[in-house]
Amino acid sequence: MSELKPGATIGILGGGQLGRMLSVAASRLGYRCHVYEPGAAPAGDVAHRLTTAPYEDQAALRAFAESVDVITYEFENVPTAALDLLESLRPIRPNRRALAVSQDRLSEKDFLTGIGLCTAPYRNVETEADLPEALAALGAPAILKTRRLGYDGKGQIRFSDAGHRDWTGAPSVLEGFVDFSAEISVIVARGADGQVAAYDPGLNVHREGILRTTTVPCGLSAGLLTDAVLIAARIVNALDYIGVMGVELFVTAEGLVVNEIAPRVHNSGHWTQAGCAVDQFEQHIRAVAGLPLGDGQRYADVEMQNLIGDDVLRLPELLKQPRMQVHLYGKGDARPGRKMGHVNRVL
C-alpha cells in the first residue's frame, strides 16, 4: 500500500465529534477531509467538504467515493449495502471484517473467544422465547444487550434476578455477571505495514452507562498493563487491522476480561491530545494514509472528563483552571446525556 501524499482527500463516514477531531488531525498532515453524514454534522464545521445525504442514496455515495482517495469511519453502524458500494470504488480502512465483527455483539464475542481471549459468559437470545433458558444458564445478575446499535448504555436491560420481565425487542446477547474491580481501555493502532503501537491503558469511570472520566496512569501493576497491551495487539493482528481501535477491559481477580471493542478512535483515548506528542486522531490518520505510526509515548499524567449535557455551562469556570485543555464539539442543544465536549486536565 502506497502512502497518501499531502493534498489527498480522506473520506469519513459519520460527522460527529470523532469525525470533527479526525478532520483537524488530517489537516495538520496536509490532507483534506470529505465527511458523509445523513444528519447534523459537527465535523462539517472543520472538514474541507460535507455531503449530507442518507446512506441509501447511491448517487450521493458514489459521488462521495469518487471524490476521495481512501475511506474511514467514525462509527461502526454503517449499513452493509452502503459499504458494498463504497468498497467497490475505494479502499475502506479499517477493513470490512472489523466492522462485521463489531457491528454485532454476538459476532464480537465469538471472535474474541475464538482467538483465545476471555469475555463475560454469554448466550445468544434470538427471540424473547430464548430468554428464560439463557437466564437459567447464566443466572443473575445479568445484562441483556441488543446485538446491534446499542451504545452509551442504550439497548440494555439489567436483570437483578432470574425473573423474566422485559425484552429489548430485537435479537440480543445475555451477558453473565463479571466481578470486576475496575474498567480500563487500551487505545491501539496498527499500520498498513503491520506495525502495532499502543497507548498507556486508561482507567474509566462510567455513570448511567456513559463514560465520565478516563485517567492515566491507571494505577495497575506492570504485569496487568503488559497483558492489556498484548490483548489489544492480538485483536488488531487477528483482524489484519489498519487504524486505531479502542479495547475495553474489565480488571478481575483472575485477570483481564474483554468487554468490547470499537474499530475507530475512542472516547477513552481523548486524553492523548494532552498527554502524547501524537494523539489517537493523528495516529488513525497516519495509519489509514499509509504513513509510519507516530510516537504514542505518554509524557504527562492526564484526566479526561466528558462534558455531558449541562456540564458545558461550566465552560467559564473550566477556562480559568490551570493545565486545562478544552474541546467543544459545536453542538447547539445541550440535552441530558449528550456529549457536548470534553476537557483534558494535566495532573
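At-a-glance table
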{"quantity": "Anchor LYS339: aspartates and glutamates whose Cα lies under 16 Å away (excluding residues fewer than 8 positions away in-chain)", "calculated": "GLU74, ASP152, GLU208, ASP310, ASP311"}
{"quantity": "Neighbourhood net charge (10 Å Cβ-Cβ; Lys/Arg +1, Asp/Glu -1) for MET1", "calculated": "-1"}
{"quantity": "Alpha-carbon centroids, region 1-60 and region 83-139: separation in whole Å", "calculated": "27 Å"}
{"quantity": "Modelled FRET efficiency - R0 30 Å, ASN77 with ARG158, Cβ distances, 0.05 increments", "calculated": "0.85"}
{"quantity": "Inter-label distance for LEU347 and SER181, nm, one decimal - labels placed 7 Å from Cα along Cα-to-Cβ", "calculated": "1.7 nm"}
{"quantity": "Residue-span extension gain [ALA140 to ARG28] - 0.36 nm each, minus C-alpha spacing", "calculated": "35.3 nm"}
{"quantity": "Contour excess over end-to-end distance, with Cα ends at THR252 and GLU126 and 0.36 nm allotted per residue", "calculated": "42.5 nm"}
{"quantity": "Proximal aspartates and glutamates to LYS109, defined as alpha-carbon separation beneath 17 angstrom and excluding residues fewer than eight positions away on the same chain", "calculated": "GLU76, GLU126, GLU175, GLU248, GLU260"}
{"quantity": "Tensor-based shape of region 180-346 (alpha-carbon gyration tensor, a/c under 1.5 rounded, otherwise prolate or oblate)", "calculated": "prolate"}
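We did not get these values from a lab; they are worked out from the coordinates using the rules stated. Since the structure is predicted, the reported quantities are computational estimates derived from the model, not experimental observations. Neighbour counts are summed over all protein chains in view; Cβ atoms, including those assigned to glycine, are modelled from backbone coordinates with ideal geometry.
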